[in-house]
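The structure appears below as C-alpha cells.
Nothing in this text is a laboratory measurement; each read-out follows from the coordinates by a stated rule. Bear in mind that the values here come from a model prediction, so they are computed numbers and not experimental data. With ideal geometry, Cβ positions are generated from the backbone for all residues, glycine too; neighbour counts draw on all protein chains shown.
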Amino acid sequence: MSPLVSSLNLYDIANVKGVAADLSHCNTPAQVSDFTGASELADCLKGVNVVVIPAGVPRKPGMTRDDLFNINASIVKTLVEAVADNCPEAFIHVISNPVNSTVPIAAEVLKQKGVYDPKKLFGVTTLDVVRANTFVAQKKNLRLIDVDVPVIGGHAGITILPLLSKTKPSVSFTDEEIHELTVRIQNAGTEVVEAKAGAGSATLSMAYAAARFVESSLRALDGDGDVYECAYVQSDVTDLPFFASRIKLGKKGVEALISSDLQGLTEYELKAVEALKGELKSSIEKGIGFAQKQP
Ligand code: NAD
Ligand code: LMR
C-alpha cells in the first residue's frame, strides 16, 4: 500500500505464486514478483533495498521464543547468507524469533562474508511499541494517535521493557498501573499465542507493525530527515552488544542511537534494565556461538 514500494519480491519455500497473484491485483504502484525455493533466492534479492525476514516457525502455547531457536536459527542464517551475496547494501529487518538471538546470528554471518554494516541490521521490535501505545492509550483514555511509548531491551519476556516514564504525551501512572502495563506488554505475544490455541502467534498485528517499520525505513532511504523508531540493533547504549532502543533512521541506516531515553529512568525501570541483562546476554551469546560453530 505504500507509494514508496516500487517493487515487492516475495520469497518462500512454497505457495508464493498464489500470494503474489493475489497481491498483484491491488491498484498500487508496487510490481509484485514471486520466487520459490532456494534456486530462486538469489534472483529474488538482486537489487533490493530492504529485506524483511519473517521466515520460520511460530510458537505454540507453552513455548518460549527461545524454543524456536533450533529451527529458525538455520533458516535465518541461510537467508542472510543469500542477502550478503546478492544485496549486501540492503537494510535487513529480522522478524523471525528468537529475535534476541537471530539478529546476532545475522551479524555474525554478515561478518563472515565481510559485508557487515551494523547500521543496516535491525531486529524488528515495532510490535512491542504498537502494543505499548495501544494499552497505554486504553488505560489512560488518551487519543491513540498522540501516544508514543519507547520500548527498549530485546524481544522476549522481561527483555521487553516499555519506558512508561517516557510516554508522550506526559502522563502519570500509579505503581500498580506501571506494573500491570509492563507485564501485559511483556506478555502480549503470549496472550495471542494462547488465544490462538495452537494455530500460531501474532500475524495481523505483526504485519501492521512490520509495515510501519518498512515504511519508516523507506522514508529514511528517500531522504526524510525526521524518522525515529525503536529497534534491536548493535548498540553501545548499555554494556550489551545488541540492545533495542529508539534510533534515528537515515539513508545509511541507523544514524543515531537515542541514548537519552535511558537517562532519568525511574527506580522500577532501572531495576528492570538490570534484570533483563542476564537473559539478553545469554541469548546474544547463543546466537553468536551458533553462527561461529557452523561450517
Ligand atoms: P507462519 O508459519 O505463518 O509463516 C512462516 C513462513 O516461513 C511460512 O510461509 C514458511 O513457509 C516460511 N518458511 C519456512 N522455512 C523457510 C525458509 N527456509 N525460507 C523462507 N521461508 C521459510 O509463521 P508466522 O506466524 O508468520 O511467524 C514467522 C516468524 O515470525 C516466527 O518465528 C514468529 O515467532 C516470528 N514473529 C515475530 C514477531 C516479532 O515481533 N518480531 C511477531 C510475530 C511473529
Ligand atoms: C510476538 O511478540 O507476538 C511475537 O514475538 C510472536 C510470539 O511468539 O509471541
query = What are the pairs, 6+ residues apart or on separate chains, where a residue within the stretch 228-251 that is closer than 21 Å to Gly264 by Cα and free of Cβ contacts under 8 Å to residues at least 60 places away in the same chain has its Cβ under 6 Å from a residue that is basic (Lys, Arg) and buried (at least 19 other Cβ atoms within 10 Å of the Cβ)?
reply = Tyr228/Arg246
inquiry  = Out of everything in the stretch 201-230 that is away from ligand 1 (no atom under 16 Å from the Cβ) and in a strand (DSSP E or B), what residue ends up being surrounded by the most Cβ atoms within 10 Å (Cβ to Cβ)?
reply    = Val227
inquiry  = Out of everything in the stretch 259-272 that is surrounded by 15 or more Cβ atoms within 10 Å (Cβ to Cβ) and not in a helix (DSSP H, G or I), what residue ends up being nearest to the chain's Cα centre (by Cα)?
reply    = Leu265
task = Determine if the stretch 126-143 includes at least one residue that is more than 16 Å from ligand 2 (Cβ to nearest atom) and within 20 Å of Ile284 (Cα to Cα).
result = no
message = Where the second residue is more than 6 Å from ligand 2 (Cβ to nearest atom) and among the hydroxyl-bearing types (Ser, Thr, Tyr) and the first is under 28 Å from Ala272 (Cβ atoms) and lies in the stretch 186-207, which pairs have Cβ atoms under 8 Å and are six or more apart or on separate chains?
response = Val192/Ser205
message = Could you go through the stretch 74-82 and let me know if any residue there is basic (Lys, Arg), in contact with a helix residue (DSSP H, G or I) (Cβ under 7 Å, 6 or more places away or on another chain), without any contact (Cβ under 8 Å) to a residue 60 or more places away in the chain and within 27 Å of Lys286 (Cβ to Cβ).
response = no
request  = Quickly run through the stretch 63-95 and pick out the residues that are within 12 Å of ligand 2 (Cβ to nearest atom) and more than 25 Å from Glu229 (Cβ to Cβ).
outcome  = Met63, Thr64, Asp67
query = Within the stretch 245-258, is even one residue within 14 Å of ligand 2 (Cβ to nearest atom), of a type in the set (Val, Ile, Thr), more than 14 Å from Val130 (Cα to Cα) and surrounded by 14 or more Cβ atoms within 10 Å (Cβ to Cβ)?
reply = no
request  = Starting from the stretch 107-134, take each residue that is touching a residue at least 60 places away in the same chain (Cβ under 8 Å) and list its partners that are among the acidic types (Asp, Glu) and outside any loop (DSSP other than H, G, I, E, B), counting only C-beta distances under 6 angstrom and pairs at least six apart or across chains.
outcome  = Val109/Glu81
query = Given the structure, is Gly198 more than 10 Å from ligand 1 (Cβ to nearest atom), more than 17 Å from the chain's Cα centre (by Cα) and under 23 Å from Leu4 (Cα atoms)?
reply = no
